[in-house]
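Below you'll find the structure I mean.
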Amino acid sequence: MPDRFEYFDEHGKPIDPADLDGGEYEVVDAPAGTEQPAPEQDPILATVRPPGVSSEPDAGPRLPKGVIVSVLAVVLVVGGGAAFALSQIGNENNATSMADVRSKVQSKSGDVVADTRPDVNACSGTQINDAAWTRNSDEPTKQLNVVDSLPLPPEFVKRSATSDDPADTTAMVQFGNRSLGIYDFNAKADKEVEKADRWWKVAVTTAPDLAVTGEEKGTGRDVDAATACTSVPGGVFRMIGDGIPDSAREMQADLVDVAVLKGDGVEPATVWAVAGDRLLKATLEYTPTDDE
């Protein structure tokens, strides 16, 4: 078979071999290693396809149609799985976002409720009574959260134990910012006995630590400091926290029999309470609602 040659003019356009016989062209062999000029590209195609890129598909090895279909099926399955996983992640993110929104709304609702409540201040004694419980009454709107407790001396406990009603015989006086006097009054003593013999006094310091500093017979003439808070007669109060003596607990949970209570003259929410054989330091607070 004769060799086939392709001929191009100086612009790189192909020439029909039949035209070479007319003498219009001079045949020149290209030097070895010299590349033929690339054919001129159509101006329109040049806008959508870089020069030198063929418009014909690559004539490389072809896969059977069955193989192509199988590969596409795998890609679709994997792609579908990926899409499903991303969708699940999106749903989880949405669920998390909605949970955060609900939590924030509930928190804001609690803040609104809290903002409508007056500040807690135990000094006048009125808000302390909001933590009192009487039979057949509604649940107290406030409670006493015990944060510290102090065992009272044995002599005081012995004397107060003989009383039929400790709420009538126990008293509390605040001498200064950090000192209290806890008193037991022996109402059954002979009326002819001097008044001083009918009182027993326990001195307490409240800072830096809660501690008993001494005890002695009382004179019955001690009075509160000018900045002291009102004393509240004892009764049954709603109390939570640690240090509450079991002997003072009522049958119903969180209800405690208290002998006497008194707000602190320095800390508005602090309440001092004598219950059983202990002096309790408590924080007056609102009873939590279902939304809190």
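The values are calculated or read from the model by the stated rules, or taken from the named source; none is laboratory data. The shown structure was predicted, so the numbers you read here are calculated from the model rather than taken from an experiment. Positions of Cβ are generated from backbone atoms using ideal geometry, with glycine treated the same way; all protein chains shown enter the neighbour counts. Side chains are part of the model used for accessible areas, which takes the heavy atoms of the whole protein and leaves out ligands, DNA and RNA. Shrake-Rupley method; radii C 1.70, N 1.55, O 1.52, S 1.80 Å.
Obtain the nm distance between the two label points defined at ARG221 and ALA203 by a simple spin-label model: each point lies 7 Å from its Cα along the Cα-to-C-beta direction.
1.7
Continuing with this model, one more query. Can you tell me how much longer the chain between ASP16 and MET251 gets when fully stretched, taken as 0.36 nm per residue apart minus their C-alpha distance, in nm with one decimal?
72.9 nm
Top to bottom by accessible area (1.4 Å), largest first, where do TRP200, TRP272, TRP133 land?
Sorted by accessible area, descending: TRP133, TRP200, TRP272.
To continue, here is another question. May I ask for the net charge around ALA269, where only other residues with Cβ less than 9 Å from the Cβ of ALA269 are counted and Lys, Arg are +1 while Asp, Glu are -1?
-4
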